[in-house]
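A.B. asks: First the structure, which I've put down as structure tokens, then a few questions once you've had a look.
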Amino acid sequence: MVKKPHKIWMATPPRATKPDEIEQQTIIAACEALIANVFKPRFLPEIKPTKWNYKIEIHGDWRAGRYRFMARYRSGFESNRGEEFDAPFARLDRMGPDRFDIQWMRHTGQWWRLHTGVTLAQAMHILETDGILHQH
């Protein structure tokens, strides 16, 4: 007797939602304040050129209901000295009114959800204090 294969149903991951213009500006302002007041003083007090890739800036980018925190690097390698690139390290996904997921960029290039359903205030605190999100 041959067994029928079982169907496995998987839930699709929730998608970030786009806020209205006022809420979007509130989110961007909170993230930019975090970058200016916490991330830059803590992780980029000065630019130190090296013979490898070195960090020259920390900034953010808003797209489709998500705010990505990124580090900009400059190459010190002889073959491409001076070239620059962005590397995202954390992401804030708006999942609903004052509800956010926080994701971390793994070394594999995949986003990994670390925190779910937090408020904007909680998200700012988590982004400031959770050390795994700072590995950039």
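The values are calculated or read from the model by the stated rules, or taken from the named source; none is laboratory data. Source: prediction; values computed, not measured. Please note: Cβ atoms are built from the backbone with ideal geometry, for glycine as well, and neighbour counts cover all protein chains shown.
A.B. asks: Got at least one residue in segment 73-93 being crowded, with 16+ Cβ neighbours inside 10 Å, in contact with a Gly (Cβ under 6 Å, 6 or more places away or on another chain), of a type outside the set (Ser, Thr, Tyr) and modelled with pLDDT of 95 or more?
C.D. replies: The answer is no; no qualifying residue exists.
A.B. asks: Another question, if that's okay. I'd like to verify a number: residues in segment 39-64 that are modelled with pLDDT of 90 or more, of a type outside the set (Phe, Trp, Tyr) and under 22 Å from residue 116 (Cα atoms), how many?
C.D. replies: So the answer is 3.
A.B. asks: Right, next: Among the residues of segment 22-42, are any charged (D, E, K, R), farther than 17 Å from residue 121 by Cα and part of a helix (DSSP H, G or I)?
C.D. replies: yes
A.B. asks: Which number in (1) without any contact (Cβ under 8 Å) to a residue 60 or more places away in the chain; (2) closer than 25 Å to residue 15 by Cβ marks the one condition that residue 83 misses?
C.D. replies: For residue 83, the failing item is (2).
A.B. asks: What are the residues in segment 72-111 that are under 10 Å from the mean Cα position of the chain (by Cα) and among the hydrophobic types (A, V, I, L, M, F, W, C), if any?
C.D. replies: 87, 89, 90, 92, 102, 104, 105, 111
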